[in-house]
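Written out below as structure tokens is the structure these notes cover.
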Amino acid sequence: RRPPAYGYGRPDPAEEGRDFAAGCGIGEIRPCGWWRIRMRISTSTSMKKEFSELYQAAWAAAKPRRLSDYAEAGGVGAAILTKAGNLYTGVCIDSACSMGFCAEHAAAAAMVTAGEQEVARMVAVNHQGEILPPCGRCREFISQLAEGNKEAEILVEPDRAVRLRALLPCDWKKEADA
């Protein structure tokens, strides 16, 4: 990871007008097309109804803040709805030494701490309200917590959710079991 961008979670003014997407943290600004997609939710955008509460919980958790000179948190919030109907949230934590983790990991840790591991739905949202599909590490992490998690619905755009298995097209575990 590179050090925080110009200012606290803001792109360099020289980059103004370019389309950027946030990485895992508020201090990272990366060009679109990396592993996160920029999707701003507006009142005119229709969202899949079953994700509305989950989206609001994730966005409420995303409150950027500096923890120290070397760490930031809350640039991204995530919410997980379990098969039992419980909701867990988490935020990303970014550090100067790349020891941080994504919001999806934090939400999953809260879920596991409470004794659950089966995910029904999940969404990640940055502090500006943009939906962020999970990175490859988070996809794999969630898939390993419970076999059924591959069927979890992941909100990837305001009006589009996909099964986790669709985000893991070349599952290494199938090869290892063969």
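Brief remarks follow.
- Directionally averaged projected area (convex hull, Cα atoms, the range 72-178), nm²: 7.3 nm²
- Gyration tensor over alpha-carbon atoms, the range 91-147, equivalent ellipsoid semi-axes in Å: 19, 14, 11
- Whole-Å distance, taken between Cα centres, linking the range 46-70 and the range 139-178: 21 Å
- Taking every C-alpha pair closer than 8 Å and separated by at least 6 residues, the mean separation divided by the residue count of the range 67-118 gives a relative contact order of 34 percent.
- Spin-label model, Ala109/Leu67: points 7 Å from Cα along the beta carbon direction are separated by 0.7 nm.
- Cα lying deepest toward the dipole's positive end in the range 44-158, options Gly115, Ala58, Ser143, charges on Cβ: Ala58
- Exceeding the 28 Å Cα-Cα cut-off - candidates Lys63/Lys173; Lys48/Lys174; Lys48/Lys83; Lys48/Lys173; Lys49/Lys174; Lys63/Lys174: Lys63/Lys173; Lys48/Lys174; Lys48/Lys173; Lys49/Lys174; Lys63/Lys174
Rule-based calculations on the coordinates, nothing more; no lab input. Quick caveat: nothing in here was measured; it's all calculated off a predicted structure. All Cβ positions, glycine included, derive from the backbone under ideal geometry; neighbour counts span all protein chains shown.
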